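Enquirer: Just passing along the structure, written as structure tokens.
The values are calculated or read from the model by the stated rules, or taken from the named source; none is laboratory data. All of these numbers come straight from a predicted model, not from anything done at the bench. Backbone-built Cβ (ideal geometry, glycine too); neighbour counts: all protein chains shown. Surface areas here come from the heavy atoms of the whole protein model, side chains and all, with no ligands, DNA or RNA. Shrake-Rupley method; radii C 1.70, N 1.55, O 1.52, S 1.80 Å.
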Amino acid sequence: MALISSFVISNGHRRTITIRFKHKVGSQDLVLFNKTYTNPFGEPITITRFKYYVSHIRVTGADQKERTLSAKTFLVDEADSASKTLIFTDDGAAFQTLSFEIGVDSILNVSGVQTGDLDPLKGMFWTWNSGYIFAKMEGVSDSAHAPAHSFSWDVGGYKSPSNAKRSVQLSVPASLTASSDAVIVIDADLLKWFNATHTLKISQHPFCHQAGDLAMQIADNYANMFSVAL
Amino acid sequence: MRTVITISCLLLLMISLSWISGLKPPSPLKFTVPKNWPQPHYDFTKNPLTQEGFLLGRKLFYDLRLSVDSTVSCASCHQQFAAFSTFEHNLSHGVNNSLTTRNAPALQNLAWQKEFRLDGGINHLDLQPLMPITASNEMGETLAGIIQKLQQDAEYKKMFTAAFGTSLINTQRIMKALSQYMLMLVSCNSKYDQVMRGETSFILPEQLGYEIFKQKCSSCHKEPLFTDLSYRNTGMPVDNTLNDYGRMTITGNKKDSLKFKVPSLRNVAVTYPYGHDGRFFSLLNVFEHYRKNMVVSETTDSLLVHKLALSNYEIGQLTAFLNTLTDTAFLKNPLFAPDGYTVTPSFIHVH
């Protein structure tokens with residue numbers, strides 16, 4: 001028995017860890033365009049775009065040592081179902097915590113044009129004031145007193161004191177990591193964007209289009225949107 | 001030792017392979033830093049200049065297909081004979097009869113710039129073209145749209161392969177090629193430069209103008225770039241149709257209200273109109289602004305709080321000096337225009 005467990009802790013087994021993001025509005029699944037929800041302030045919302053960057057995905061075991069699953073930056077986009085599943089392989093050691101950053105490293109904001117998920121054609125880059133949009137939620141709401149009742153919360157900013165990158169840490173129950181191929185479903189609840197650390201109403205803030213105080217508050221809020229589905 | 005041998009073997013193999021497949025490695029293009037100039041800011045190691053990359057960038061720069069309806073290219077607003085600014089337009093013209101809110105800046109000596117646009121909002125030369133290409137009042141196109149158009153053109157496939165090794169066309173490669181072209185736009189051969197190199201000398205009004213310039217202008221328009229690349233409020237009140245507060249829109253800091261990047265004065269004789277919104281149509285308008293019309297406010301530059309005293313005599317000598325900054329070799333360099341491209345002479349310019 002001791003032999004077997006030490007075998008697992010050492011890097012004998014290659015294991016795949018599948019992380020699947022599931023976007024929810026409260027208890028309902030997110031549907032783009034065709035469904036209207038209500039936010040915590042009774043404001044109706046229809047979502048047209050929902051995407052965000054996830055980077056530095058890592059796991060931590062009982063030894064408190066972080067192991068990086070990938071140093072890459074991934075764009076998770078509700079409109080692209082493939083983007084919502086990320087698959088990694090590791091050495092199979094047990095872990096209790098899954099951590100990641102929401103946002104894009106500052107160095108990647110100042111190093112010219114990137115490729116892949118970070119290609120500016122993904123629509124997550126501010127061309128007039130260089131920098132990545134870390135996360136965006138866009139849609140329409142009768143509470144938005146703006147042209148076409150649109151609202152758009154585009155959050156970013158890599159410069160101090162408006163760095164909108166946020167860290168997320170989630171406890172992962174042992175039952176999910178016990179099998180040789182771990183599948184972790186992470187729920188992301190859009191309602192947290194409005195009401196978590198701060199209360200943010202569409203009627204007051206239909207737009208966030210630049211780094212700054214509002215972007216920082218929205219980022220504080222959405223840093224709370226993730227939970228491990230059981 | 002063994003690693004060295006392995007690496008050289010690999011290199012030999014790669015070279016012979018590329019020879020077999022008919023793929024020549026691109027030919028390096030030399031970037032020369034003019035004598036007594038500072039080192040450039042651009043990191044050439046991340047985008048090594050090659051002849052093929054330059055030629056690709058030049059083709060892109062002049063290609064109307066980079067705009068949504070094929071009416072506007074980069075070169076539409078950045079005309080070589082105007083030092084790559086727009087001849088006579090105060091504000092740039094975009095697709096669908098739109099207007100921008102700013103005067104197109106001259107494109108020259110870009111390798112020395114850290115930030116781009118008159119408000120410095122763009123932090124890398126490779127990122128700069130993204131904005132005019134996608135802005136609805138400039139070229140109005142999407143990056144995906146451009147890539148699709150270029151992919152259908154066999155000539156581009158060839159040119160991307162020649163410059164980057166494969167026919168892949170993506171945002172990064174388009175922007176790196178455009179940078180390669182723009183980096184080569186170095187203006188360093190005006191009469192002023194020739195005088196500084198000891199090849200010729202100023203005539204008297206030019207010399208007197210240079211002395212006045214060093215006394216009254218050069219702390220901001222610093223030699224040899226003729227800009228210190230800082231952002232300053234020179235007392236131009238906000239236009240209430242444009243509401244352009246310059247640097248403040250980037251930093252969100254009230255102290256940056258109405259500050260704009262100090263423009264280079266190289267080729268100043270051909271880059272009119274002047275000012276971030278092109279409100280001055282001649283150098284004389286600019287001088288009148290500095291000595292009389294400035295509106296001093298809280299954020300006006302400390303060097304200009306008492307405006308800038310200039311006599312008629314000084315204006316005459318300064319004008320003579322500023323005309324020595326015109327670099328005809330640069331304005332007419334055939335390498336900067338695609339083959340067969342006729343540079344529109346200013347007198348038949350179409351609005």
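Enquirer: Under a Cβ-only charge scheme (Lys and Arg +1, Asp and Glu -1), can you give me the dipole magnitude of the protein assembly as shown about the Cα centre, in debye to the nearest 20?
Expert: For the protein assembly as shown, the charge dipole is close to 840 debye.
Enquirer: Keeping all protein chains in the complex and leaving out DNA, RNA and ligands, what accessible area do you get for A:R49 with a 1.4 Å probe, in Å² to the nearest 10?
Expert: The accessible area of A:R49 comes to roughly 120 Å².
Enquirer: For B:M131, A:M124, write out the residues from largest to smallest accessible area, computed with a 1.4 angstrom probe and no ligands counted.
Expert: Most to least solvent-accessible, the answer reads B:M131, A:M124.
Enquirer: Of B:K35/B:K157; B:K114/B:K176; B:K30/B:K191; A:K122/B:K261; B:K191/B:K261, which ones are farther than 27 Å apart at the Cα?
Expert: Over 27 Å apart, Cα to Cα: B:K35/B:K157; A:K122/B:K261.
Enquirer: Same structure, new question: Does anyone have the angle between helix B:154-164 and the longest principal axis of chain B? Alpha-carbon axes, 0 to 90°, nearest 10?
Expert: 90 degrees
Enquirer: Over chain B, what is the mean sequence separation of C-alpha contacts under 8 Å (at least six apart), divided by residue count, expressed as relative contact order in percent?
Expert: Computed value for chain B: 20 percent relative contact order.
Enquirer: Go through the stretch A:18-30 residue by residue and turn each phi into a ³J(HN,Hα) via Karplus (6.51, -1.76, 1.60, θ = phi - 60°); whole Hz please, and just put x for glycine and proline.
Expert: Taking θ as phi minus 60°, the curve returns 9, 10, 10, 8, 10, 8, 10, 10, x, 8, 8, 6, 6 Hz for the stretch A:18-30.
Enquirer: Using Cα springs under 10 Å in a Gaussian network model of chain B, which residue among B:N312, B:N123, B:N293 shows the largest mean-square fluctuation?
Expert: Among B:N312, B:N123, B:N293, the largest GNM mean-square fluctuation belongs to B:N312.
Enquirer: Please check: in the Gaussian network model of chain A (C-alpha springs, under 10 Å), which one of A:G103, A:G123, A:G139 has the largest mean-square fluctuation.
Expert: Top of the fluctuation ranking is A:G123.
Enquirer: Evaluate the charge dipole of chain B about its Cα centre and quote only its size in Debye, nearest 20, assuming +1 on the Cβ of each Lys and Arg and -1 on the Cβ of each Asp and Glu.
Expert: Charge dipole of chain B: 720 debye, to the nearest 20.
Enquirer: Report the semi-axes of the equivalent ellipsoid for the protein assembly as shown in whole Å, largest first, where each axis is √(5λ) for an eigenvalue λ of the Cα gyration tensor.
Expert: 49, 32, 22
Enquirer: Then there is this: Taking square-rooted eigenvalues a ≥ b ≥ c of the alpha carbon gyration tensor, is the stretch A:135-230 rounded, prolate or oblate, where a/c under 1.5 means rounded and, failing that, a/b exceeding b/c means prolate?
Expert: Prolate.
Enquirer: Just by accessible area at a 1.4 angstrom probe, what is the order of B:S70, A:S141 from largest to smallest?
Expert: Largest accessible area first, the list is B:S70, A:S141.
Enquirer: Could you tell me whether the stretch B:242-351 comes out rounded, prolate or oblate from its Cα gyration tensor? Rule is a ≥ b ≥ c as square roots of the eigenvalues, rounded for a/c under 1.5, then prolate if a/b exceeds b/c, otherwise oblate.
Expert: Since a/c reaches 1.5 but b/c is at least a/b, the shape of the stretch B:242-351 is classed as oblate.
Enquirer: Checking buried surface per residue: for the stretch B:104-141, which residues lose a minimum of 50 Å² accessible area in the protein assembly relative to the chain alone (1.4 Å probe)?
Expert: Residues meeting the cut-off: B:N123, B:L127.
Enquirer: Okay, moving on. Heads up, I need the accessible area for B:T161: 1.4 angstrom probe, whole protein in place, Å², nearest 10.
Expert: Answer for B:T161: close to 40 Å² accessible.
Enquirer: Could you name the aspartates and glutamates in cross-link range of B:K24, using Cα to Cα under 20 Å and dropping any fewer than eight places away on the same chain?
Expert: B:E52, B:E155
Enquirer: Treating only the Cβ of Lys, Arg, Asp and Glu as charged (+1, +1, -1, -1), what charge dipole size does chain A show about its Cα centre? Round to the nearest 20 debye.
Expert: Roughly 180 debye for chain A.
Enquirer: Tell me, Kirkwood radius of the stretch B:154-267 from alpha-carbon pair distances, in Å?
Expert: For the stretch B:154-267, inverting the mean 1/r across all distinct Cα pairs yields 18.2 Å.
Enquirer: Just to be sure I understand: with springs between alpha-carbon atoms less than 10 Å apart, which residue in A:D77, A:D142, A:D63 has the highest mean-square fluctuation in the Gaussian network model of chain A?
Expert: In this elastic network of chain A, the residue with the biggest mean-square fluctuation among A:D77, A:D142, A:D63 is A:D63.
Enquirer: Just to confirm the number: angle between the C-alpha axis of helix A:213-222 and the first principal axis of chain A, 0 to 90 degrees, nearest 10?
Expert: 40 degrees
Enquirer: Per residue and in cubic angstrom, what volume does the convex hull of the Cα atoms of chain B have?
Expert: 173 Å³
Enquirer: Give me the net charge of A:G92's neighbourhood, meaning all other residues with Cβ under 13 Å from the Cβ of A:G92; Lys, Arg count +1, Asp, Glu -1.
Expert: Around A:G92, the charge tally is 0.
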